Amino acid sequence: MTTGKNKTNDEAQVRQQIDNFVKAFRTKDLDLMMSLYAPDFVAFDIVPPLQQVGTDTYRNVWEQVFAFFQHPIDFETRDLSIVTGADVAFSRQLLRLQTTMPNGQKVDRWERLTFGFRKIDGVWLISHEHVSVPADLFSGKAVLDLQP
């Protein structure tokens with residue numbers, strides 16, 4: 001059973017991993033980004049395919065993302081919620097991504113981000129990541145202009 005002190009410590013460690021994710025994305029630090037993931041990681045990302053399995057596959061995704069977005073990459077997060085257990089945790093938050101694409105088009109959108117963590121050898125690692133945006137069911141298109 002987890003004590004209050006352990007729970008607080010675990011939540012702080014998970015929050016630090018989320019902060020590291022944001023830092024890695026902002027600075028395009030591929031090594032830092034990949035250090036956050038468990039070896040058997042699975043992603044339900046905003047880009048195809050329906051799922052990415054394993055860190056080798058996902059490393060390629062991050063390489064493409066970092067090449068695609070121009071500096072600066074900025075984030076705003078809201079409504080972060082972290083729940084921890086003995087060796088699993090999850091977090092959810094809203095994430096505002098602001099950057100520029102290679103063609104000069106500005107990106108300014110809110111996304112939903114959920115992480116599933118596992119504590120492996122005392123370290124909280126992301127074992128599942130889900131990124132999404134709302135979709136209009138009638139048109140089948142993403143709705144990118146919503147704000148919290």
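Values computed for the structure shown
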{"read-out": "Condition check for residue 24: outside any helix (DSSP H, G or I), modelled with pLDDT of 95 or more, aliphatic (A, V, I, L, M) and surrounded by 15 or more Cβ atoms within 10 Å (Cβ to Cβ)", "value": "no"}
{"read-out": "Hits in region 27-58 - residues which are outside any helix (DSSP H, G or I), among the acidic types (Asp, Glu) and out of contact with any His (no Cβ under 9 Å at 6 or more places or on another chain)", "value": "29, 40"}
{"read-out": "Residues (of a type in the set (S, T, N, Q) and surrounded by 12 or more Cβ atoms within 10 Å (Cβ to Cβ)) located in region 41-79", "value": "51, 52, 55, 57, 70, 77"}
{"read-out": "From 48, 39, residue being of a type outside the set (Phe, Trp, Tyr), farther than 19 Å from residue 75 by Cβ and touching a Gly at 6+ places or on another chain (Cβ under 9 Å)", "value": "39"}
{"read-out": "Residues of region 66-104 classified as of a type in the set (A, V, I, L, M, F, W, C), touching a residue at least 24 places away in the same chain (Cβ under 8 Å) and not in a strand (DSSP E or B), total", "value": "5"}
{"read-out": "Residues of region 108-141 classified as surrounded by fewer than 15 Cβ atoms within 10 Å (Cβ to Cβ) and assigned to a strand (DSSP E or B), total", "value": "5"}
{"read-out": "Of all residues making up region 1-41, the number that are among the hydrophobic types (A, V, I, L, M, F, W, C) and touching a helix residue (DSSP H, G or I) at 6+ places or on another chain (Cβ under 9 Å)", "value": "10"}
{"read-out": "Single residue of 87, 145 found to be touching a strand residue (DSSP E or B) at 6+ places or on another chain (Cβ under 6 Å) and either surrounded by 14 or more Cβ atoms within 10 Å (Cβ to Cβ) or on the phi < 0 side of the Ramachandran plot (or both)", "value": "87"}
{"read-out": "Region 40-60 residues that are closer than 18 Å to residue 114 by Cβ, paired with ones that are part of a helix (DSSP H, G or I) (beta carbon under 7 Å, 6 or more apart)", "value": "41/55; 41/58; 43/58; 45/61; 52/58; 52/61"}
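The values are calculated or read from the model by the stated rules, or taken from the named source; none is laboratory data. Computed from a predicted structure; not experimentally measured. Note that each Cβ is placed from the backbone with ideal geometry, even for glycine, and that neighbours are counted across all protein chains shown.
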